[in-house]
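Just below is one structure, and these are the notes that go with it.
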Amino acid sequence: MTALQVNNLRKSFGGLDVIQDVSFTVEPGERRLLLGPNGAGKTTLFNLIAGDLRASGGRILLQGRDVSALSTSQRAACGLGRTFQILTLFGRETVLGNVVMALLGSSPKRWKPFGAVVHDTALRRRALSVLARVKLEGLADRPIQETSYGEKRRLEIAMALAQDPQVLLLDEPLAGLSKEERGTVSALLEDLPRSLTIVMIEHDMDVALAFAERIALLNHGRLLVDGTRDEVIADPRTREAYLAQ
Amino acid sequence: MFWINGLLNSLAFGAILFLLAVGFSLIFGLMRVANLAHGAIFMLGGYIATSMIGFGFLAAVLAAALACAAFGGLVERSLIRRLAGRELAQVLGTLGLAFIIADQCLLVWSGDPIAQPAPALLRGTVEVAGVVFPAYRLALIAIAAIALAAIWLLVERTTLGARIRAAVDDREMARAMGIPVSRLFTTVFCLGAGLAGMGGALAAPVMSVYPGLDAEMLPLALLVVILGGIGSLSGAFVGSLLIGLIYTFGQMLLPDLAYVILFLPMVVVLAARPQGLFGRHMA
Amino acid sequence: MKPLLVLVVAAAAMPLLLPGEFYLAIATQVLVYGLFAVSVNLIAGYCGMVSLGHAAFLGISGYAFALLSVGAGWPIWAATTAALGLTSLTGAMFGLVALRTSGLSFLMITLALGQIVWGIAFRYVDLTNGENGISLPRPDGVLLHGTGLYYLCLAVTAGCMLFVTVLTRSPLGAAMQGVRDQPRRMSTLGYDVWAIRYVSYVLSALLAAASGILYMLTFRFISPHALSLTVSSEAVLMVIAGGLGTTFGPLLGAALVVLLKNVASAYTDRWPTLLGLIFLFIIVVVPEGLLPGARRLLGALKARVVAPDNIGANLTRASRIEGARQ
């Protein structure tokens, strides 16, 4: 069974086709890179897979299950996690508070109208262990406003990991980071267990190419090349797509 | 006879609604400002026209339109601008203004309804195919049609319109292209308020002007925009006709429940198309 | 939880401290409108959806209570239950319509819905007696005296505030605030954003219904005015003046508006103008609420005395607070 399967996916905005007939499959445990120049439709594709946008046509299968008709939150419940290219954190919370929100999202407790969240020690312990995975446990009680950009980027990943997804969509996890921070985050990504399937959009070629096993190249909303890392790098269409920019 | 008369009244009321709602929709579409003072400006236009009737009907309507346009521009420059980027504050600011305008109207024009005579030329009736129509209502429909055409031409065929469309599509891009977005905002606010004032002045001979007219008309304008879709000219037009029809026939057939019936199209449209009949996707 | 307890004890001592029935009546009104503001705060402050039609819920509950208890002769408890139930049901129905959208469109739709209900109260004379409204007969039992009524209102309002406080700290309350701040992230995390908004809206309607019953018991009269846009707007003003999404803000705002209204009525009948001016003042000068706003303004004043350069920093902070609020 494939982890993620996209069949003939289409999306148009007012007559403008931004995603045209895209199909690909991602095997369980695979590291897949989504490549393409700016405006190629990569983030739109993520939004379609995550359910933030409704496809104009085609199907999306998650772990073999057709999720095309499901809402974003239902797809999350099916084991799909994602991070955002633009930081999307709860600015009034602490670092730990953000992870707690993520943990509650996949718990039936989220409908409980009583019992203070801050007094839930079991929840706090779980949140700390998630933070440990991105080396942020030392900052657990720091307000978000007092954290650095790099720490926020790692928290962005921790939020998705807290959901314990089977398939993880990473939208430019290294965007805007310094060289040193890039090292930290890419090491962190390397350490993620192979039970997790990852699809990543990333412009930092050094990290991205080292990370990816297979690459899908997108341009003008179409899937141009889909293959192993070496195949895609060697393909003349890859060079063309980037040179045209 | 009953149905034809009802239809004419609906169209005439729809025409008034269009003048009111199209300005609201334009302002909302361009600036993301829900101007809740729009109903009060409509009423103000009506009152100004009743005071200026001594100079003739046309002069009274013009005076109302110009005064309201100037007032709208002033509001945009002094209040809306100060609250730029704060949607909720802008809405509540216009709501506060609505209270002030309505209360000052009450102070100036007292609490009694003021009837406004139709212009002498249009006081009679017109006979078409054996059916007698009040001339003024026909004129209202004609004026709304002219306004629709004029606004359409303005938006689709002039430089100003092209700029408005560009700014509606992407404000930052428009700014980068050198379009004076700030002056454009003031212009559109003047235009919207002027149309509302003109609508109030033209409605006066049919509805007369009275305290509470603002609170009665504002939700109707909101319904038109919700039904038709925000920022859409055709939406404002179709929405006005629809609400005009439903409200007028509702009052004729079920006077107690005319307001409840307004609920129905809103439910249907929102269920099927939350962005309104002619609206594009909403933020 | 502790500040709430202190407040309740202080409020319970009020009847002993206030110089007369008139002042007690005003304190009672503060509690009634305070509860109404609490209901608006639940949806606007904690869930980020500003409703301008909440007076409809206060009104439906008040009318239902009056019609059932006086018109149909139901016992008080039955009329109360039915009024609460009917209003929640209306809220459940309105929620289906209004929550098809969010933001400004939600605000516009709730305004329109509120005006539709107002129109019914005004026009459906056979049921509502139109403009003349409906009166309750003279009270009996504990409500005969202002003190009894005051304690009843205190108990209900404090109970509801306790409920809201517990709710906002719970997982569901955290989810509501998450939906207010980052709706997109929330659905990615598996929360059903629509359902959370819907639950908040219906709960908020229920609280407004409770304030409608207190309104009826306190004023013993209801007319379409109770459902007007003015009343809905006053509630929003109370919440903003007191501070959106705070525990005591709505009560503070209610005290401010009720007191101003009563003081102003002695000098002028231009209340709507005054209301509009207060709106503009709050929004332009202290958008973050009176207390934090006053603190900021004082700070800015001090900074001006000490070093004129600090004003900019203070203003930046204020706009950041406001930005976080939006």
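Taken together, the values in this text are just the output of simple stated rules run on the coordinates, not laboratory data. Worth saying up front: this structure is predicted, and the values here are computed from it rather than measured. Positions of Cβ are backbone-derived with ideal geometry, glycine not excepted, and every protein chain shown enters the neighbour counts.
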For this session: Apply the Debye scattering formula to chain B, with a single equal point scatterer on each alpha-carbon and no solvent, then give log10 I(q)/I(0) at q = 0.11, 0.15 Å⁻¹.
Result: -0.62, -1.16
Exercise. Which whole-number value in Å³ per residue fits the convex hull of the alpha carbons of the protein assembly as shown?
Worked result: 201 Å³
For this session: For residue A:12, list long-range residues whose amide hydrogen, built 1.01 Å from N in the peptide plane, is under 5 Å from its own amide hydrogen.
Result: A:18, A:56
Problem set entry | Length-normalised contact order for chain B - Cα pairs under 8 Å, 6+ apart - percent | 36 percent
Exercise. Quick one: net charge of residue A:166's neighbours, Cβ under 15 Å, K/R +1, D/E -1?
Worked result: +3
Exercise. Which cross-chain or sequence-distant (5 or more) residues have an amide H under 5 Å from the amide H of residue C:221, H modelled 1.01 Å from N in plane?
Worked result: C:136
For this session: Calculate one ³J(HN,Hα) per residue across region C:85-96 by plugging θ = phi - 60° into the Karplus curve 6.51 cos²θ - 1.76 cosθ + 1.60, and present them in order as whole Hz with x for glycine and proline.
Result: x, 4, 5, 4, 4, 4, x, 4, 6, 4, x, 4
For this session: Could you check which residue among B:96, B:229, B:29 shows the biggest mean-square fluctuation in a GNM of chain B with a 10 Å Cα cutoff?
Result: B:96
Exercise. So if R0 is 45 Å, what FRET efficiency would residue A:205 and residue A:109 give, r being the distance between their Cβ atoms, rounded to the nearest 0.05?
Worked result: 0.60
Problem set entry | Whole-Hz ³J(HN,Hα) from phi, Karplus 6.51 cos²θ - 1.76 cosθ + 1.60, for region A:90-95, glycine and proline x | 8, x, 8, 9, 7, 4
Seminar exercise, completed: Given pairs A:109/A:152; A:152/A:179; A:42/A:152; A:11/A:179; A:135/A:179 and cut-off 24 Å on Cα-Cα distance, the over-length ones are A:109/A:152; A:11/A:179
Seminar exercise, completed: If each K or R counts +1 and each D or E counts -1, the residues other than residue A:114 whose Cβ falls under 15 Å of its Cβ total +3
Seminar exercise, completed: Rg/Rh over Cα atoms for region A:87-164, Kirkwood Rh, comes to 0.94
For this session: Counting only C-alpha contacts under 8 Å and six or more residues apart, can you give the relative contact order of region B:189-283 as a whole percent?
Result: 29 percent
